[in-house]
Amino acid sequence: DTGVSQNPRHKITKRGQNVTFRCDPISEHNRLYWYRQTLGQGPEFLTYFQNEAQLEKSRLLSDRFSAERPKGSFSTLEIQRTEQGDSAMYLCASSLVPEAFFGQGTRLTVV
Amino acid sequence: DQQVKQNSPSLSVQEGRISILNCDYTNSMFDYFLWYKKYPAEGPTFLISISSIKDKNEDGRFTVFLNKSAKHLSLHIVPSQPGDSAVYFCAATINYGQNFVFGPGTRLSVLP
């Protein structure tokens, strides 16, 4: 399978705990994106990497959120001190040309 | 301020007929537009795209039309099939993929 891979698929955590998600993009893609989607809404942009450089961050990305893409390959998204409002589907996408291809997402539930 | 709008939350169409999904945008800097389909509990799947220098792009049963003066695009699915039942998102980008802005989606139901 050469698509975008996200792990874990589901995560349930207690409020206040830290969580980390991983995204493995399509291997030749140099751009990687993180989005968040809640029920009834379209995906909301969080951040964007070109190779290892984080080029853009949304104001939605509070200081509790941090994303990395070491060596321009896989990426991690960490949420510290999770809150119930962080419950959502976190989507990763990668692209080489204008079209972005999404992974299956990680469903986060904060209880 | 919602830059990409899909004003119809849902649409029902009979199998074999045409489905037309609409999208409006406000930012004239958008230069590339995309449609995605999403099933429950899955990530969005890319369907078809169009550059701002074109007014039509066709791929099999899917055709996207772009009217720049009206800041409007539409996705036509002909003929519609029950497997097309999903949520469809319109997305737009500046600088060919620096950031994708999505609409809220339209739920399409194709009735057998």
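The values are calculated or read from the model by the stated rules, or taken from the named source; none is laboratory data. Quick caveat: nothing in here was measured; it's all calculated off a predicted structure. In this analysis, Cβ positions are derived from the backbone assuming ideal geometry, glycine residues included, and neighbour counts consider all displayed protein chains. In case anyone asks, the SASA skips ligands and DNA or RNA and just uses the protein heavy atoms, side chains included. Shrake-Rupley method; radii C 1.70, N 1.55, O 1.52, S 1.80 Å.
Quick notes on this one:
- Rounded to the nearest 0.05, the FRET efficiency derived from the C-beta distance between B:Thr45 and A:Asn18 at R0 = 30 Å is 0.45.
- Summary: within chain A, the longest segment free of GluC sites (Glu not before Pro) located in DSSP loops with at most 13 other C-beta atoms within 10 Å is A:29-82.
- Low-density loop cleavage sites - trypsin sites (Lys or Arg not before Pro) in region A:9-39, where at most 16 other Cβ are within 10 Å (DSSP): A:Arg9, A:Lys14, A:Arg15
- Total formal charge among the other residues, if their Cβ is under 14 angstrom from that of A:Arg81, Lys/Arg +1 and Asp/Glu -1: -1
- 12 Å beta-carbon shell around A:Ser58, net charge (K/R +1, D/E -1): +1
- Å² of accessible area per residue within chain A, as computed with a 1.4 Å probe and no ligands counted: 51 Å²
- Between region A:48-80 and region B:32-70, the alpha-carbon center distance in angstrom: 27 Å
- Derived scalar couplings ³J(HN,Hα) [region B:2-8; Karplus, 6.51 cos²θ - 1.76 cosθ + 1.60; whole Hz; x for Gly, Pro]: 7, 7, 10, 10, 10, 7, 9
- Most positive-pole-ward Cα, A:Thr47, A:Ser87, A:Asn30, against dipole of chain A from beta carbon charges: A:Ser87
- The contact residues of region B:84-102, meaning those that lose at least 40 Å² of 1.4 Å-probe accessible area when all protein chains sit together rather than their chain alone, are B:Tyr96, B:Gln98, B:Asn99, B:Phe100, B:Phe102.
- To put it simply, the accessible area of the protein assembly as shown at a 1.4 Å probe is 47 percent carbon and sulfur.
- Using a probe of 1.4 angstrom and keeping all protein chains present, the accessible surface of region B:21-81 works out to 46 square angstrom per residue.
- Take the accessible area of chain B alone and of chain A alone, subtract that of the pair, and you get about 1600 Å² summed over both chains, using a 1.4 Å probe.
- In range of the label at A:Phe74: residues from region A:32-50 whose backbone nitrogen is under 17 Å from the point 7 Å along Cα→Cβ: A:32-34
- With every protein chain in place and a 1.4 angstrom probe, the accessible-area ranking of B:Thr26, A:Thr2, B:Thr63, largest first, reads A:Thr2, B:Thr26, B:Thr63.
- For A:Leu46, nonlocal amide neighbours, meaning residues 5 or more places apart or on other chains whose placed amide H falls under 5 Å from its own, are A:Trp34, A:Tyr35, A:Arg36.
- Prolate/oblate/rounded call for the protein assembly as shown, Cα gyration tensor, a/c under 1.5 rounded: prolate
- Eligible lysines near B:Lys54 by straight Cα distance, threshold 27 Å, same-chain separation 8 or greater: B:Lys5, B:Lys37, B:Lys38, B:Lys68, B:Lys71
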